[in-house]
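Peer 1: Dropping the structure in here first, questions after.
The values are calculated or read from the model by the stated rules, or taken from the named source; none is laboratory data. These numbers were taken from a predicted model, which means no experiment stands behind them. Here the Cβ positions follow ideal geometry from the backbone for every residue, glycine too, while neighbour counts run over all protein chains shown. The accessibility values were calculated without ligands, DNA or RNA, using every heavy atom of the protein model including side chains. Shrake-Rupley method; radii C 1.70, N 1.55, O 1.52, S 1.80 Å.
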Amino acid sequence: MRKLIAFIIATVCVLLITGCGDSSSSGNPTGANSQMVENAGQTDTEENISTAGVADYPAAIMVNDTIYLLEGDPMPTEVDESAIIGYTESYTDTFPENNGETNFNRELGMPYAQVEGGIAVLYNNEWYLCTLASNVTDENTITFTGMIIDHTVESLVPIICVKTLEEEAIPYEAVFFELPEGEEDWALKIGEVVLITCSGGFTESAPHYGTLISIKNADTAL
């Protein structure tokens with residue numbers, strides 16, 4: 001009889017232990033999964049916040065204290081080695097501010113040459129023409145309302161990115177402008193609604209880059 005009682009007690013203990021283990025194992029994964037989903041959602045939100053409103057910069061190189069914009073298609077002709085005047089020395093995520101610096105290739109040592117029309121850069125084993133940022137071929141002007149959404153003030157040439165608020169005037173979501181001497185303070189006015197007068201010509205490939213003629217506060221311009 002005592003052996004039977006002892007056997008029953010042992011069996012009950014085993015069942016109780018097994019039941020507790022199942023309960024814990026079935027509960028913890030649910031809690032862990034919920035926490036993982038919550039953390040993942042929070043991470044996604046943080047990533048969206050950190051990248052929202054950050055504008056892309058036009059592919060560019062600085063040579064002899066001058067900004068040149070990279071054109072979209074390779075040059076149809078080769079560049080003679082005798083025309084090479086330097087090699088890229090640094091990379092930036094924003095806009096070039098040092099000679100020999102680009103924002104489109106982290107690999108250094110790309111040769112660049114002085115050619116007709118600007119600077120040629122050997123990129124991905126092909127020569128690309130880079131033209132002056134201030135090069136304007138269309139003398140027509142456009143006036144539109146926009147909002148300054150990004151800037152760089154560290155470079156030798158302050159740049160602003162303006163979100164266009166008049167689709168009928170500018171067919172692009174956002175455009176870049178160099179700030180002329182005396183207008184550098186506009187680079188610090190993120191969120192400001194402004195009245196822009198610019199050249200009618202923009203770089204064809206995005207992001208679109210135009211030439212600023214004048215910039216005014218939209219509220220006081222009327």
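Peer 1: For T152, T141, T66, write out the residues from largest to smallest accessible area, computed with a 1.4 angstrom probe and no ligands counted.
Peer 2: T141, T66, T152
Peer 1: Still on this structure, please answer the following. Report the label-to-label distance for E167 and E116 in nanometres (one decimal), using points 7 Å from each Cα along the Cα→Cβ vector.
Peer 2: 4.2 nm
Peer 1: A further question follows. Arrange the residues V162, V115 by how much accessible surface each exposes, largest first, with a 1.4 angstrom probe.
Peer 2: The residues order as V115, V162, largest area first.
Peer 1: Then there is this: With a 1.4 Å probe and all protein chains left in place, how much accessible area per residue does the range 85-129 have, in Å²?
Peer 2: Per residue, the range 85-129 has an accessible area of 51 Å².
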